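> Structure below; questions to follow.
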Amino acid sequence: MEEVISPAITFEARPHAALRTVVTARSAVRWYVWCLAAAVTFDAFGGYWDISWHISIGRDTFWTPAHMMVYLAGILAGVASGYTILATTFGSSHEYRDTAVSVWGFRGPLGCFVAAWGGLAMLASAPFDNWWHTAYGLDVKILSLPHSILGLGETMITLGTVILIVAHLNRASGRARAKLDRLLLYVGGIVAFGSALLILESTPMEFMHSPSFYGAVARAFPIALIAISCVSSSRWPATVMAAIYTALFLAALWLFPLFAAEPKLGPVYQPITHMVPLWFPVLLIVPAIALDLLRRVVGERWGRLTTGVVAGCVYLAAFVAAQWPFADFLLSPRARNPIFGTTYFGYFDPANLTYDPYRFIAHGTSIQFLSGMAIALLSSIIFCCIGMALGSWLKTVRR
């Protein structure tokens, strides 16, 4: 992504004070910022709905409502970003031009350029995905090649949205800054929600005593939690983002079964009569609280790579301490109810027929387990350091 943009970017050497004056004069958030935030929301909820559709009904056609919501996110991000870039390039607004970067002769906010590329990648993946399903099967793995291209586009839209909000936030003050800060934390919560979807294949409840489960969680969440916490003025930024993720996953867990559905593909091992939700959210709220407490302890050193090493250890230790015993509860008969959702299985899942879904999978020898956990810890440290580096850069973004 940087290879595409950075060679042609030219920043005007205008004083930051002038930029601040431009934005603090208005408290309203720009319409294109709202559009990108809405695109991130549509994409995350469309992704959840699409996965639920696959395990409840099956991929019966490309034109499902869930698919349309996902690709609506790409269209909305592409159109809003493209219009903003064209309006900045050919318009007469000094306010727009003074807060823009130049890429290949066009001018606009850096976040809009990133999100525009993401929208193009998402839309380009649509016919490829349809062909892939036709050639290799109607239901394939989440991380297939076209899904990876789609995921790259989704990541660029998310990154572009965060950059755009942060650029406005860094130039704002007063009510405008407070409003943008809340919007940034909301988008961070949606990012955590989307990250949980990407690691679904590694996070079923029977995997929760396996190193692969903790390695997946160590890679999925820290970058967004830490990077955004470097910019936000909230006292509990990571906790707020984790709470949003948890609340949305719980709402989906409890609401989706209220809608009727039946499988259209086979074989059918489960008598599905309603939409099947995804599983209970992981206890991300616990390491998020630990990160916020650590942030308050280290103060101005938050954002340094050395702090990232400590944050990686704290994050994984807090998560293991909370999730390990909770996994025992999830597999017990006390959790087999609609509140915790451990009785829901996809129509193609032979759970309770050919295997017992309420047993942890074997994780090999003790040495293999310890090696796996060591890799999970290393992953946590690396991704926390990446989050620190990204957060430090975001604090400098103003265009």
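> Give me the angle, in degrees from 0 to 90, between the Cα long axis of helix 31-56 and the longest principal axis of the Cα atoms of the chain, rounded to the nearest 10.
Between helix and principal axis, roughly 10 degrees.
> Send over a whole-number figure in Å² for the accessible area per residue of the range 345-393, probe 1.4 Å.
Counting only protein heavy atoms, the per-residue value for the range 345-393 is 56 Å².
> Please list, in order along the range 330-346, the HN-Hα scalar couplings obtained from phi with the Karplus expression 6.51 cos²θ - 1.76 cosθ + 1.60 (θ = phi - 60°), rounded to whole Hz, x for Gly and Pro.
Coupling constants for the range 330-346: 4, 8, 7, x, 5, 9, 8, 8, x, 5, 9, x, 7, 9, 8, 9, x Hz.
> Right, something else. Any idea of the accessible area per residue across the range 56-141, 1.4 Å probe, to the nearest Å²?
Heavy-atom accessible area per residue stands at 44 Å².
> Between Asn337 and Trp324, what is 0.36 nm times their sequence separation minus the Cα-Cα distance? Round to one decimal in nm.
2.7 nm
> If you don't mind, another one. At R0 = 22 Å, how high is the FRET efficiency between Leu152 and Glu300 if r is their beta carbon distance? Nearest 0.05 is fine.
My answer for the efficiency is 0.05.
> Something else: With a Förster radius of 56 Å, plug the Cβ-Cβ distance of Lys264 and Glu95 into 1/(1 + (r/R0)^6) and report the FRET value to the nearest 0.05.
So, using R0 = 56 Å, E works out to roughly 0.60.
> Then there's this: With springs connecting C-alpha atoms under 10 Å apart, model the chain as a Gaussian network and identify which of Pro271, Pro204, Pro281 has the largest mean-square fluctuation.
Looking only at Pro271, Pro204, Pro281, the biggest GNM fluctuation is shown by Pro271.
> Also, quick follow-up: Return a whole-number percent for the relative contact order of the chain, with Cα pairs under 8 Å and 6 or more residues apart as the contact set.
20 percent
> With a probe of 1.4 Å, find how much accessible area the range 142-285 has per residue, and write the answer as a whole number in Å².
Using a 1.4 Å probe on heavy atoms only, each residue of the range 142-285 averages 35 Å².
> Which residues among the range 95-128 fall inside the zone where the amide N is under 17 Å from a point 7 Å beyond the Cα of Ala28, along Cα→Cβ?
95-96
> Still on this structure, I have one more. Using helices alone, I'd like the mean residue ellipticity at 222 nm for the chain: each DSSP H run of four-plus residues gives -39500 (n - 2.57), total over residue count, nearest 500.
It lands at -22000 deg cm²/dmol.
> State the Cα centre-to-centre distance between the range 182-221 and the range 80-128 in whole Å.
Each part reduced to its Cα centre gives a spacing of 30 Å.
> Moving to a separate point now. Calculate one ³J(HN,Hα) per residue across the range 379-388 by plugging θ = phi - 60° into the Karplus curve 6.51 cos²θ - 1.76 cosθ + 1.60, and present them in order as whole Hz with x for glycine and proline.
Running phi through 6.51 cos²θ - 1.76 cosθ + 1.60 with θ = phi - 60° gives 4, 4, 5, 4, 6, 5, 5, 4, x, 4 Hz.
> Would you mind giving the three semi-axes, in whole Å and largest first, of the ellipsoid equivalent to the chain according to its Cα gyration tensor?
Listed largest to smallest, the semi-axes of the chain are 37, 27, 18 Å.
> For the range 51-202, give the percent of accessible area contributed by carbon and sulfur heavy atoms, probe 1.4 Å, rounded to a whole number.
70 percent
> Sticking with this structure for a sec: Which ³J(HN,Hα) values, rounded to whole Hz and listed in residue order, are derived for the range 347-362 from phi using the Karplus coefficients 6.51, -1.76 and 1.60 in 6.51 cos²θ - 1.76 cosθ + 1.60 with θ = phi - 60°, glycine and proline given as x?
Running phi through 6.51 cos²θ - 1.76 cosθ + 1.60 with θ = phi - 60° gives 4, 8, 8, x, 4, 6, 9, 10, 8, 8, x, 9, 10, 5, 6, 5 Hz.
> Based on alpha-carbon centroids, what's the gap between the range 308-330 and the range 260-295 in Å, whole number please?
Their Cα centres are 19 Å away from one another.
> Additional query: Would you mind getting me the FRET efficiency between Val79 and Trp131? Use the beta-carbon distance for r and R0 = 22 Å, nearest 0.05.
With a Förster radius of 22 Å, E is 0.30.
> Tell me which residues come under 5 Å, amide H to amide H, from His274 once H is placed; ignore anything under 5 positions away on its chain.
For His274, whose amide H was placed from the backbone, the distant partners under 5 Å are Ala261.
> Considering amide H positions built from the backbone, and no H for Pro or chain starts, which residues 5 or more places from Val101, or on another chain, come under 5 Å of its amide H?
Counting only residues 5 or more places away or on other chains, the set is Gly108, Leu110.
The values are calculated or read from the model by the stated rules, or taken from the named source; none is laboratory data. This structure is a prediction, so every number in the text was calculated from the model and none was measured. A quick note on method: Cβ atoms are made from the backbone with ideal geometry, for glycine too, and the neighbour counts reach across all protein chains shown. Side chains are part of the model used for accessible areas, which takes the heavy atoms of the whole protein and leaves out ligands, DNA and RNA. Shrake-Rupley method; radii C 1.70, N 1.55, O 1.52, S 1.80 Å.
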